[in-house]
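Report on the structure given below.
Derivation of every value follows stated rules applied to the coordinates shown; laboratory data play no part. Computed from a predicted structure; not experimentally measured. Cβ: placed from backbone, ideal geometry, glycine included. Neighbour counts: every protein chain shown.
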Amino acid sequence: MKTIISIILLLVIALSANTSSKDICSKTNQKFNLDGFSCANVGVLKLYFPSDSYVITKRLHKHIKVFAKFLKDNLEYSVDIYGHTDNKEDYKYNLTLSQNRAKSVKKAICSYGIDASRLYTQGKSFTEPAATNENKEGRAYNRRIEVILLK
């Protein structure tokens with residue numbers, strides 16, 4: 001069966017424990033889950049890659065553009081970008097691949113005017129699977145980028 005060709009973008013922002021209803025982050029996109037101050041607190045951006053790839057396609061850029069706009073509107077955030085892989089190759093090979101995935105996402109975000117000093121990259125290889133590596137669906141889910149917002 002063909003490798004997954006499309007790259008899926010999901011943006012999930014975790015809710016803060018704060019319960020105040022004061023809106024101090026009026027520029028926050030309505031698509032984000034917000035804390036009690038209408039601010040995104042901690043988020044995870046998940047980008048899924050085909051096997052053995054770190055290419056950011058034109059189609060994916062439109063989704064990254066939405067995230068970059070959020071970062072432009074919310075200068076108080078920096079971002080940790082984590083690359084992940086499935087376990088089909090050895091650790092060292094996958095570490096390089098995961099680092100390249102994180103770097104390619106950073107480059108794509110920067111192409112929308114975000115200062116690179118706000119973005120930190122790290123490859124995780126296959127050390128933190130989000131799903132099983134025993135089947136193709138799980139491996140596809142593990143070939144991902146996670147982006148954590150930091151204030």
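When segment 119-151 is examined, which residues are found to be touching a Phe, Trp or Tyr at 6+ places or on another chain (Cβ under 7 Å), over 16 Å from Tyr48 (Cα atoms) and surrounded by 15 or more Cβ atoms within 10 Å (Cβ to Cβ)?
Leu149
Search segment 101-151 for residues being among the acidic types (Asp, Glu) and within 16 Å of Val79 (Cβ to Cβ), and hand back the single one that is farthest from the chain's Cα centre (by Cα).
Of the residues in segment 101-151, the ones among the acidic types (Asp, Glu) are 115, 128, 134, 137, 146.
From what's left, within 16 Å of Val79 (Cβ to Cβ): 115, 146.
Details: Asp115: 17, Glu146: 4 Å.
Filtering first and then ranking leaves Asp115.
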